[in-house]
Amino acid sequence: MDEGKKSTPLVEMRGITKRFSGVTANSDVNFSVEAGEVHALLGEHGAGKSTLMNVLYGLYAPDGGRIFVAGRPVTFRSPRDAIAAGIGMVHQNFMLVQTLTVWENMILGLKGTPFVLPGKKIQNRIAGISEQYGLEIDPRAAVWQLSTGERQRVAILQMLYRNARVLILDEPTAVLTHQEAGRLFRTIRRMTEEGHGVVFISHKMNEVMNETRRVTVLRGGKNAGAAMTAETTGEALAEMMMGRKVPLDLYRKPMRAGPAVFEADDLRALNDRGLDAVGGLSFHLRQNEILGVAGIAGNGQRELCEALVGLRALTGGTVRMGGANLTNASPRRFVDRGVRYIPGDRRGVGMAPGMDISSNAILRRYWSKPVASGAFIDWKRSEKLSRQIIRDFNVSAPSPRTPVRNLSGGNLQKFLMGRELSDSPKVVIVMHPTWGLDVAATRYVREQLLAQREAGAAILLISEDLDELLALSDRLAVLYRGRFMGILAEPEGVPPEKIGLMMAGTWISEALKDSAPENGSAKEAAS
Amino acid sequence: METLVSILAAAVRSGTPILYATLGEILTEKCGVMNLGLEGIMLMGAFSGFFVSLSTGNPWLGLAAAFGVGMCLGLIHAFISVSLGGNQVVCGLAMTMFGGGASALMGRGCIGMTIRGIDGFSIPWFSELPLVGRVFFSQDVMVYASYALVVVLYCFFTATRPGMNLRAVGENPKAADAMGLPVARIRYLYTVLGAGLVALGGAYISVIYNRFWAESMTAGRGWIAVAMVIFAVWNPFQAALGAYLFGGVEAFQLRLQAAGTSVPTPLLMMLPYVMTILVLLFISIGKGRRVSLSAPAALGAPFHREERE
């Protein structure tokens, strides 16, 4: 690059404004990407990062502002235009057609493809790009057969195949293991060496600090600051993101675990396609203790949760609570026994989104006193109950009559937690509690879980966020293809790489081989 | 033997209208649009095909007219379900009612008339093959065209670029859009073409098979075709199998009627429909999982780019 004279950015966005039916998602935002750099885009949920990138990728038409590619003004009517201008985006939930093969996905929508598809030729070209960037993949596999990490590679290849000069990666590491993330960063480095520009959207401060050259922070849809990564600190960026200081560390009070209150033995269940999803899990939950379950999405987490609360039939094994056998009992018997469930799918499973807050507040107790009086529901009582939850759990909602659909992600989760945790639960099954929440709401939710632990609940916490699991869990199980690779009795002491290995299917004995002395406590390996 | 061959040949003939309708609906559903208006579109095709044949004396013009009318109805369905994002089930049902009523009204003057239709011809060499020759290759040109259509559609879906684009739009319109495919245009195209094929199936009944017009003469074959799409798990070859199965039972019961059995005629006429229900029942029990896996994932769901979750 020339000294003094600034080179023309690959892409520049000036004064971008985008509104959705009255809500302003982006307001006068500036952003640019230069050749050979990784530019981090930081911000809380709802800060407008995804909107801005969707504008850049032609998915949303901006209401104001201009986009320049290599200095020339452009207008994108659709992603087709953006791709033609050399801009590629890898969405968080990959825009791939599952029933098509890898190579078919590669050429989807590509101009100049012959009428009859030349499969062999395309596969060879994919192999070439794969090698150049370290993105190994079998081009003939159908996408639904691939793991999440492999799908991401396909999505990146798809953009490189289209000669994208600028790659937008939307929270690419959220779905990856430690090892896979390392591999992704090697690929990103190769891309920047080749002169590509990369936009890196992430919440994870350490990744931003280590892997990027520049940072732009958005807050409330506006530019909140920008810096060269080398000249700033994680704390400074966090403050820019939130507009105030928020302590990032949690305090987990040392406690002795109480007696086991919930026991699962050799649990087996099928997924919706009728294939084995949970393949013989044995564990117990103890009072005053959080058992974390780590694992990459799709390894049986949802099926496990549902099997534990009576929502999915067991094909084998037993569930017991105290003296009672709850094997294949109805969900209501689990509820009566004090089991509470906070599902990962908050809107679909946790709530009836079209109904109002006070109706949703009694979904789990409308049949019993005091909410029910005979065949009727005491609506005054339910409204009082919902007001109580709104107050106790800091839910920001206009009134108990507001449809749950209108709550933001964070408020909805707080309300759901309030509903499930406000009547002293004995056992809490909770999945992805902070998925998609901003920093403040995340912190609140985690504090509530720790409060329940202190109050004596036995908690099973399923999450894909290893940092969250390590911060909250007393013990940590690692789930892989429906089986526990092992249960770590003292997870804090275990290096994340080892847990990553277990998440990729290595047994605990194998994964901890070298560090055996300091982990003598990890003897509880299951199955 | 002679009887068997003639029943099988009749099975192919009476299965052909259902085959056209099923193939048309497969084409439409593969791109993610569900059209339940088959019965109405077939009736409109049957009427317009007959009317144009009658007034011009040219059955080929009749078939062309039916195809055109079908495409117009498909355009209406596409406009409501793709551009307006309307409920596809309701729109399809409305199409069925409209087609039934409109064809009955307009066809009043045609009742009792007959046309010359299109005669069959045997394909040299092929028709001399034992059994197969007389069953499959001593038919009429529309039957032969339907064989070709089965093969062409199958290859189109599996080996061509537009076929792949079509599948992508039906599976994951969001991804297809992000890759730069014109989702709405593709859905329009195949909804319109599919409806044209459906109408051609209707016209086959009035122009070639019966050569007269009668109110509601499709007698539920449109609904049978909807069922056959599921039976066929969206595969053109299996669609042919299903259509001929229905046609076979139909031909068989007509034989029984002609032979004058003591079984009441209405019961015999029910047979093909009963068989359809039974086949669907067995499919749902045996192949239920395969059906849900092969169904286009975005079937019946409208697509809007800027809709936020």
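The values are calculated or read from the model by the stated rules, or taken from the named source; none is laboratory data. As the structure is a prediction and not an experimental result, all values here were calculated from the model. Note that we place each Cβ from the backbone using ideal geometry, even for glycine, and neighbour counts take in every protein chain shown. The protein model used for the area step is the full one, side chains on, heavy atoms only, and it has no ligands, DNA or RNA in it. Shrake-Rupley method; radii C 1.70, N 1.55, O 1.52, S 1.80 Å.
Could you tell me which residue of segment A:329-367 is surrounded by the most Cβ atoms within 10 Å (Cβ to Cβ), considering only residues that are of a type in the set (Gly, Ala, Ser) and over 20 Å from residue A:416 (Cβ atoms)? Before you say what the answer is, go through the steps one by one.
Pass one, segment A:329-367, residues of a type in the set (Gly, Ala, Ser): A:329-330, A:338, A:344, A:348, A:350, A:352, A:354, A:358-359, A:361.
Of the ones still in play, those that are also over 20 Å from residue A:416 (Cβ atoms) are A:329-330.
On the way: A:329: 18, A:330: 11.
Top of the filtered list is A:329.
Within segment A:172-193, does at least one residue satisfy the condition of being under 21 Å from the mean Cα position of the chain (by Cα), among the aromatic types (Phe, Trp, Tyr) and at pLDDT 90 or above?
Checked segment A:172-193: at least one residue is under 21 Å from the mean Cα position of the chain (by Cα), among the aromatic types (Phe, Trp, Tyr) and at pLDDT 90 or above.
Quick one: which of A:405, A:391 is without any contact (Cβ under 8 Å) to a residue 24 or more places away in the chain and assigned to a helix (DSSP H, G or I)?
Numbers: A:405 fails: without any contact (Cβ under 8 Å) to a residue 24 or more places away in the chain.
Going through A:405, A:391 in turn, the sole match is A:391.
For segment A:26-38, which positions are open to solvent by 10 Å² or more (accessible area, probe 1.4 Å) and under 23 Å from residue A:436 (Cα atoms)?
The answer is A:27, and nothing else.
Here are the criteria: (1) open to solvent by less than 20 Å² (accessible area, probe 1.4 Å); (2) free of Cβ contacts under 8 Å to residues at least 60 places away in the same chain; (3) within 30 Å of residue A:93 (Cα to Cα); (4) among the hydrophobic types (A, V, I, L, M, F, W, C). Tell me which single one residue A:326 does not satisfy.
(3)
Among (1) open to solvent by 60 Å² or more (accessible area, probe 1.4 Å); (2) in contact with a helix residue (DSSP H, G or I) (Cβ under 8 Å, 6 or more places away or on another chain), there is one condition residue A:250 misses while meeting the rest; what is its number?
(1)
Which strands (runs of 3 or more DSSP E) does segment A:238-319 wholly contain that include 1 or more residues that are over 25 Å from residue A:177 (Cβ atoms), of a type in the set (Phe, Trp, Tyr) and more than 14 Å from every other protein chain (Cβ to nearest Cβ)? Explain how you work it out, then say what you get.
Details: elements: A:260-270, A:276-286, A:289-294.
Ranges flagged: A:260-270.
Restricting attention to segment A:45-61, and to residues there that are part of a loop (DSSP other than H, G, I, E, B) and in contact with a Gly (Cβ under 9 Å, 6 or more places away or on another chain), which single residue is farthest from the other protein chains (Cβ to nearest Cβ)? Steps first, please.
Narrowing segment A:45-61 to residues part of a loop (DSSP other than H, G, I, E, B): A:45-48, A:57-61.
The next check asks that each one be in contact with a Gly (Cβ under 9 Å, 6 or more places away or on another chain); those that pass are A:45-48, A:57-58.
Details: A:45: 12, A:46: 11, A:47: 15, A:48: 12, A:57: 7, A:58: 8 Å.
Across segment A:45-61, the extreme among qualifying residues is A:47.
Need the failing condition index for residue A:41 against (1) out of contact with any Gly (no Cβ under 9 Å at 6 or more places or on another chain); (2) surrounded by fewer than 24 Cβ atoms within 10 Å (Cβ to Cβ); (3) touching a residue at least 24 places away in the same chain (Cβ under 8 Å), just the number.
Failed condition: (2).
Every residue, every condition in (1) out of contact with any Pro (no Cβ under 7 Å at 6 or more places or on another chain); (2) of a type outside the set (Ser, Thr, Tyr); (3) under 17 Å from residue B:193 (Cα atoms); (4) in a helix (DSSP H, G or I), yes or no:
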site	(1), (2), (3), (4)
B:62	yes, yes, no, yes
B:97	yes, yes, no, yes
B:108	yes, yes, no, yes
B:117	no, yes, no, no
B:139	yes, yes, no, no
B:143	yes, yes, no, yes
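Tally the residues that are under 18 Å from the mean Cα position of the chain (by Cα) and assigned to a helix (DSSP H, G or I), restricting the search to segment B:1-57. Give the steps one after another, and end with the answer.
Kept after step one, since they are under 18 Å from the mean Cα position of the chain (by Cα), are these residues of segment B:1-57: B:10-50.
Applying the additional criterion that residues be assigned to a helix (DSSP H, G or I) yields B:10-30, B:38-50.
So the count comes out to 34.
Select, from A:460, A:437, the only residue that is closer than 23 Å to residue A:283 by Cβ and either over 22 Å from the mean Cα position of the chain (by Cα) or not assigned by TED's automatic domain parsing to the domain that holds residue A:50 (or both).
A:460
Based on this model, can you work out whether residue A:56 counts as hydrophobic (A, V, I, L, M, F, W, C), closer than 29 Å to residue A:139 by Cα, open to solvent by less than 50 Å² (accessible area, probe 1.4 Å) and in contact (Cβ under 8 Å) with a residue 24 or more places away in the chain?
Working: hydrophobic (A, V, I, L, M, F, W, C): yes; closer than 29 Å to residue A:139 by Cα: yes; open to solvent by less than 50 Å² (accessible area, probe 1.4 Å): yes; in contact (Cβ under 8 Å) with a residue 24 or more places away in the chain: yes.
Yes, satisfied.
Residue B:128 - would you say it is of a type in the set (Asp, Glu) and either within 14 Å of chain A (Cβ to nearest Cβ) or touching a Pro at 6+ places or on another chain (Cβ under 6 Å) (or both)? Don't jump to the end; show me each part of the working.
Values: of a type in the set (Asp, Glu): yes; either within 14 Å of chain A (Cβ to nearest Cβ) or touching a Pro at 6+ places or on another chain (Cβ under 6 Å) (or both): no.
The answer is no for residue B:128.
On the basis of being at pLDDT 90 or above, in a helix (DSSP H, G or I), more than 27 Å from the chain's Cα centre (by Cα) and not hydrophobic (A, V, I, L, M, F, W, C), does residue A:332 make the cut? Before the answer, list the steps.
On the way: at pLDDT 90 or above: yes; in a helix (DSSP H, G or I): yes; more than 27 Å from the chain's Cα centre (by Cα): yes; not hydrophobic (A, V, I, L, M, F, W, C): yes.
For residue A:332, the condition - at pLDDT 90 or above, in a helix (DSSP H, G or I), more than 27 Å from the chain's Cα centre (by Cα) and not hydrophobic (A, V, I, L, M, F, W, C) - is met.
Is it fair to say residue A:64 is in contact (Cβ under 8 Å) with a residue 24 or more places away in the chain, on the phi < 0 side of the Ramachandran plot and either within 11 Å of another protein chain (Cβ to nearest Cβ) or out of contact with any His (no Cβ under 7 Å at 6 or more places or on another chain) (or both)? It would help to see each step written out before you state the result.
On the way: in contact (Cβ under 8 Å) with a residue 24 or more places away in the chain: yes; on the phi < 0 side of the Ramachandran plot: yes; either within 11 Å of another protein chain (Cβ to nearest Cβ) or out of contact with any His (no Cβ under 7 Å at 6 or more places or on another chain) (or both): yes.
Yes, satisfied.
Would you point out the residue of segment A:30-65, among those that are of a type in the set (Ser, Thr, Tyr) and over 19 Å from the mean Cα position of the chain (by Cα), that is nearest to residue A:164 (Cα to Cα)?
Going through segment A:30-65, the residues of a type in the set (Ser, Thr, Tyr) turn out to be A:32, A:50-51, A:57, A:60.
Right, trim to over 19 Å from the mean Cα position of the chain (by Cα) and you get A:32, A:57, A:60.
Working: A:32: 16, A:57: 11, A:60: 19 Å.
Going through the qualifying residues, I end up with A:57.
May I ask you to list pairs of residues, at least six apart or on different chains, whose Cβ atoms are under 7 Å apart, with the first in segment B:110-132 being farther than 18 Å from residue B:12 by Cα and in contact (Cβ under 8 Å) with a residue 60 or more places away in the chain and the second being open to solvent by 90 Å² or more (accessible area, probe 1.4 Å) and not basic (Lys, Arg)?
Filtered contacts from segment B:110-132: B:110/B:51.
How many of the residues in segment A:110-140 are open to solvent by less than 60 Å² (accessible area, probe 1.4 Å) and in contact (Cβ under 8 Å) with a residue 40 or more places away in the chain? First the steps, then the outcome.
Here is the first cut: in segment A:110-140, the ones open to solvent by less than 60 Å² (accessible area, probe 1.4 Å) are A:110, A:113, A:117-119, A:122-123, A:126-130, A:133-135, A:137, A:139.
Cutting the leftovers down to in contact (Cβ under 8 Å) with a residue 40 or more places away in the chain gives us A:110, A:133-135.
Total meeting the criteria: 4.
This table checks each residue for (1) closer than 30 Å to residue A:473 by Cα; (2) among the hydrophobic types (A, V, I, L, M, F, W, C); (3) surrounded by fewer than 21 Cβ atoms within 10 Å (Cβ to Cβ); (4) touching a residue at least 12 places away in the same chain (Cβ under 8 Å).
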{"residue": "A:172", "(1), (2), (3), (4)": "yes, no, no, yes"}
{"residue": "A:182", "(1), (2), (3), (4)": "yes, no, yes, no"}
{"residue": "A:212", "(1), (2), (3), (4)": "no, no, no, yes"}
{"residue": "A:220", "(1), (2), (3), (4)": "no, no, yes, yes"}
{"residue": "A:234", "(1), (2), (3), (4)": "yes, no, yes, yes"}
{"residue": "A:245", "(1), (2), (3), (4)": "yes, no, yes, no"}
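Do we have residue A:320 as modelled with pLDDT of 90 or more and in contact with a Leu (Cβ under 9 Å, 6 or more places away or on another chain) here?
On the way: modelled with pLDDT of 90 or more: yes; in contact with a Leu (Cβ under 9 Å, 6 or more places away or on another chain): yes.
For residue A:320, the condition - modelled with pLDDT of 90 or more and in contact with a Leu (Cβ under 9 Å, 6 or more places away or on another chain) - is met.
Give segment A:80-109 a look and list any residue that's surrounded by 20 or more Cβ atoms within 10 Å (Cβ to Cβ), at the interface with chain B (Cβ under 7 Å from one of its Cβ atoms) and part of a helix (DSSP H, G or I), or say none.
Listed by number, the residues that qualify are A:83, A:104.
Looking at residue A:169, is it at pLDDT 90 or above and either of a type outside the set (Lys, Arg) or in the same structural domain as residue A:85 (by TED's automatic domain parsing) (or both)? Even if it seems obvious, please write down each step before you answer.
Numbers: at pLDDT 90 or above: yes; either of a type outside the set (Lys, Arg) or in the same structural domain as residue A:85 (by TED's automatic domain parsing) (or both): yes.
For residue A:169, the condition - at pLDDT 90 or above and either of a type outside the set (Lys, Arg) or in the same structural domain as residue A:85 (by TED's automatic domain parsing) (or both) - is met.
Consider residue A:71 against the criteria (1) under 27 Å from residue B:161 (Cβ atoms); (2) out of contact with any strand residue (DSSP E or B) (no Cβ under 7 Å at 6 or more places or on another chain): it satisfies all of them except one. Which criterion is unmet?
(1)
Do any helices (runs of 4 or more DSSP H) lying entirely in segment B:168-285 carry at least 3 residues that are surrounded by 19 or more Cβ atoms within 10 Å (Cβ to Cβ) and under 12 Å from the mean Cα position of the chain (by Cα), and which ones are they? I'd like the intermediate steps shown before the answer.
Numbers: elements: B:173-178, B:183-203, B:221-231, B:236-259.
Fully inside segment B:168-285 and qualifying: B:183-203, B:221-231, B:236-259.
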